[in-house]
1. I'd like the full set of residues that are surrounded by fewer than 16 Cβ atoms within 10 Å (Cβ to Cβ), assigned to a loop (DSSP other than H, G, I, E, B) and on the phi < 0 side of the Ramachandran plot, limited to the stretch 152-178.
2. Check whether at least one residue in the stretch 169-178 is assigned by TED's automatic domain parsing to the domain that holds Phe239, without any contact (Cβ under 8 Å) to a residue 60 or more places away in the chain and farther than 28 Å from Phe333 by Cβ, and report yes or no.
3. Just checking, how many residues over the stretch 150-168 are modelled with pLDDT of 95 or more and in contact with a helix residue (DSSP H, G or I) (Cβ under 7 Å, 6 or more places away or on another chain)?
4. Looking at the structure I just gave you, is Ala21 modelled with pLDDT of 85 or more and either surrounded by 15 or more Cβ atoms within 10 Å (Cβ to Cβ) or outside any helix (DSSP H, G or I) (or both)?
5. Looking at the stretch 209-304, what helices (runs of 4 or more DSSP H) fall wholly within it and have at least 1 residues that are modelled with pLDDT under 95, surrounded by fewer than 24 Cβ atoms within 10 Å (Cβ to Cβ) and in the same structural domain as Met27 (by TED's automatic domain parsing)?
6. Considering only residues that are of a type in the set (Val, Ile, Thr) and touching a Gly at 6+ places or on another chain (Cβ under 7 Å), look in the stretch 63-116 and name the one that is nearest to Pro128 (Cα to Cα).
7. Is there a residue in the stretch 35-48 that is in a loop (DSSP other than H, G, I, E, B), in contact (Cβ under 8 Å) with a residue 24 or more places away in the chain and either under 20 Å from the mean Cα position of the chain (by Cα) or not assigned by TED's automatic domain parsing to the domain that holds Ala290 (or both)?
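The values are calculated or read from the model by the stated rules, or taken from the named source; none is laboratory data. From a predicted model like this one, the values you see are computed outputs, not experimental measurements. Heads up, the Cβs are rebuilt from the backbone with ideal geometry, glycines too, and the neighbour counts pull from every protein chain shown.
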Amino acid sequence: MTFKTLAIAGALSLAAATAQADIKVGMITTLSGGGAGLGIDVRDGFMLALEQSGRSDIEVIIEDDQQKPDIAVQLSDKMIQSDKVDVMTGIIWSNLAMAVVPGAVAQGKFYLSPNAGPSALAGQGCLPNYFNVAWQNDNLHEAAGAYANDAGYKNSFILAPNYPAGQDALTGYKRFYKGELAGEIYTQLGQTDYAAEIAQIRASGADSVFFFLPGGMGISFLKQYADSGVGLPVVGPAFSFDQGILQAVGDAALGVVNTSQWSKDIDNATNAAFVASFQEKYGRLPSLYASQGFDTANLLISALDTAQPSDADAFRAALKAADFASTRGDFAFGNNHHPIQDIYVREVIKEGDVYTNKIIGVALEDHVDAYAAECKM
């Protein structure tokens with residue numbers, strides 16, 4: 001397999017290509033700005049799986065969406081109409097997924113989501129050619145709510161960005177959390193100053209804080225929260241305590257509990273090999289985003305071993321079978337093409353000079369998302 005790097009409109013584009021690839025994959029992801037780390041990890045995990053497969057019949061066209069829905073739509077149109085891709089993947093943010101996915105699958109393309117799982121695509125709006133390899137957006141937040149109950153929290157203050165995944169986050173937490181709410185705030189997407197929100201938390205009488213702020217938003221909030229001296233226990237999803245975020249936040253994150261469907265210490269051979277090979281190739285520990293990119297590529301490869309996208313019914317059935325070794329261990333799709341999976345409780349620790357997470361329990365076992373019953377597939 002050869003790799004070709006192209007600079008397009010200041011963005012990074014990678015292609016793993018042969019002279020005439022049999023299958024074209026269009027990856028639209030975030031490679032610049034505050035959310036770049038998430039897209040880079042998805043890309044790197046995906047490309048590592050392709051490299052390890054030894055296949056030379058898959059071309060990957062990678063473009064930077066700059067975290068802008070209009071750019072993502074333009075790139076999708078180009079990939080479908082000009083590049084003639086067979087399968088699409090890569091989007092991190094749910095507002096971009098909602099802008100791209102329905103139109104892409106309406107044109108007969110398959111979309112494999114390595115991250116975004118908006119509720120609108122899990123229930124009545126489920127789509128036969130859409131498969132989510134990560135989660136439905138609510139899931140990790142539901143697990144955080146379940147953990148908060150076990151921890152004895154009775155009065156949580158909750159906050160998240162005002163976009164589809166943020167709305168799903170607070171909905172998910174409240175679905176399982178049984179206590180009262182000291183406050184509920186939707187912040188701006190991309191916000192970096194949280195002084196006003198932290199002041200509200202301080203004055204609220206809360207006994208705990210739940211927040212979903214991925215990427216650079218989480219780094220800003222955690223640093224400012226630690227400096228504020230508020231001192232209330234913090235609970236969140238893995239997105240707010242991911243490998244990249246932890247290195248930027250440092251000691252302020254130690255001991256914080258978060259929920260995730262993946263962790264580097266899940267005990268199975270595939271995961272151990274993935275963690276070691278990713279660290280060897282890229283010089284850093286993988287994140288959950290990297291694991292999702294890796295699993296998404298291996299799902300694709302497993303389906304291609306059975307059928308081609310040109311035979312839509314056979315290829316759809318091959319994807320649904322999910323006959324691949326996941327970094328999570330057992331992996332299965334529900335009727336709405338979202339995972340049925342365990343969600344773990346993790347604690348932030350330090351291993352040498354590296355901040356990371358370790359599993360301390362299971363919040364939800366074989367969890368099915370709340371919208372699956374509404375999907376008529």
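1. Lys154, Asn162, Lys178
2. yes
3. Residues flagged as modelled with pLDDT of 95 or more and in contact with a helix residue (DSSP H, G or I) (Cβ under 7 Å, 6 or more places away or on another chain) within the stretch 150-168 amount to 6.
4. Considered against the rule, which asks whether it is modelled with pLDDT of 85 or more and either surrounded by 15 or more Cβ atoms within 10 Å (Cβ to Cβ) or outside any helix (DSSP H, G or I) (or both), Ala21 comes out as no.
5. none
6. Per the stated criteria, the residue is Val85.
7. yes
Matching residues to (1) at pLDDT 95 or above; (2) surrounded by 22 or more Cβ atoms within 10 Å (Cβ to Cβ); (3) closer than 23 Å to Pro237 by Cβ; (4) polar (S, T, N, Q):
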site	(1), (2), (3), (4)
Met27	yes, yes, no, no
Gln52	yes, no, no, yes
Ser56	no, no, no, yes
Ile61	yes, yes, no, no
Gln66	yes, no, no, yes
Thr89	yes, yes, yes, yes
Ala106	yes, no, no, no
Ala116	yes, yes, yes, no
Gly123	yes, no, yes, no
